[in-house]
Amino acid sequence: MKKPFDLDTMLGRIAEAVAAYPKAAMFDLYEQGYTSLFEQLISCIISIRTLDETSIPVSLRLFAKARTPEELLKLSPEELETLLYGSSYPGQKAYTMLGIAKTAVEQYNGQLPADYKVLTDLKGVGPKCANLALGIAAHLPAISVDIHVHRVVNRWGYIKASQPEKTLLQLELKVPQEQWIDINRLLMPFGKHICTGNLPKCSTCPVLEYCQQVGVTKHR
Ligand code: SF4
């Protein structure tokens, strides 16, 4: 018999459990001083289909050359692609980044506004990166649902959704706004290191007594 969900308690326990693991890439970069909306958006694009262990050094390599839209536009597509080497789809990402920088300079005087619609209208920017950048850089209430967040909350039985986009909509209805950024900050490392895709570590999980373990057939 499981306990009723108590998100406060669950997130508190998860915070303790993930303290020993590296922070998710964009939170790590924010703490290193890469705090602008542009930098956060660019680092999120770098992280698409790329492990944090790679996306953090690639972001740092790029930011050593260019941290603003104006600086990025001074790079040729080839130079940018070379800087992005290691991240997946570097050519496509270079093209996306140059488009973002061009829009930022031409339409917003180099400062992207903290506006979900403006960000998601940029070619190559989806809800996940827009929300994550807005939450971290602009401190706006925003939930970003990556594969880890999607898996964890569905396993809990907290929501039931087949795709991350649907998970996002359900979480926005259920989770108090003051906890939205914690959903990203905590459930990304929790999903990566504890509630893993294969063989989640249920036997030592700090929220086992609340989790309905939906779809979990084997675990550690
Ligand atoms: S009990 Fe297992 S399935 Fe549930 S959150 Fe913990 S690790 Fe994930």
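Within the range 31-45, the presence of at least one residue that is assigned to a helix (DSSP H, G or I), without any contact (Cβ under 8 Å) to a residue 24 or more places away in the chain, more than 20 Å from residue 110 (Cα to Cα) and under 16 Å from the mean Cα position of the chain (by Cα) is confirmed.
Can you tell me which residues in the range 154-193 are β-branched (Val, Ile, Thr) and either in contact (Cβ under 8 Å) with a residue 60 or more places away in the chain or under 15 Å from residue 131 (Cβ atoms) (or both)? Hits for the range 154-193 are 167, 175, 181, 183. Could you please let me know if residue 60 is among the aliphatic types (A, V, I, L, M) and open to solvent by 40 Å² or more (accessible area, probe 1.4 Å)? The answer is yes for residue 60. For the range 189-220, name all the residues that are near the ligand (Cβ under 6 Å from one of its atoms) and either outside any loop (DSSP other than H, G, I, E, B) or among the aromatic types (Phe, Trp, Tyr) (or both). Listed by number, the list holds a single entry, 202.
Residues that are more than 21 Å from the chain's Cα centre (by Cα) and either small (Gly, Ala, Ser) or open to solvent by 20 Å² or more (accessible area, probe 1.4 Å) (or both) within the range 194-212 comprise 199, 201, 203, 204, 205, 206, 208, 209, 212, listed in sequence order. When the range 1-16 is filtered for residues that are closer than 15 Å to residue 204 by Cβ and either among the basic types (Lys, Arg) or open to solvent by 30 Å² or more (accessible area, probe 1.4 Å) (or both), the ones remaining, listed by number, are 13, 16. Of the helices (runs of 4 or more DSSP H) entirely within the range 93-178, those holding at least 1 residues that are open to solvent by 50 Å² or more (accessible area, probe 1.4 Å), within 16 Å of the ligand (Cβ to nearest atom) and under 30 Å from residue 3 (Cβ atoms) occupy 147-156. Among residues of the range 194-220 that are under 20 Å from residue 162 (Cβ atoms) and at pLDDT 95 or above, those with a beta-carbon under 9 Å from a residue that is within 6 Å of the ligand (Cβ to nearest atom) and open to solvent by 70 Å² or more (accessible area, probe 1.4 Å) at least six positions away or on a different chain give the pairs 200/219; 213/219.
The values are calculated or read from the model by the stated rules, or taken from the named source; none is laboratory data. Not measured: the values here are computed from a predicted model. Note that we place each Cβ from the backbone using ideal geometry, even for glycine, and neighbour counts take in every protein chain shown. Protein only, heavy atoms only, side chains kept; ligands, DNA and RNA dropped before computing areas. Shrake-Rupley method; radii C 1.70, N 1.55, O 1.52, S 1.80 Å.
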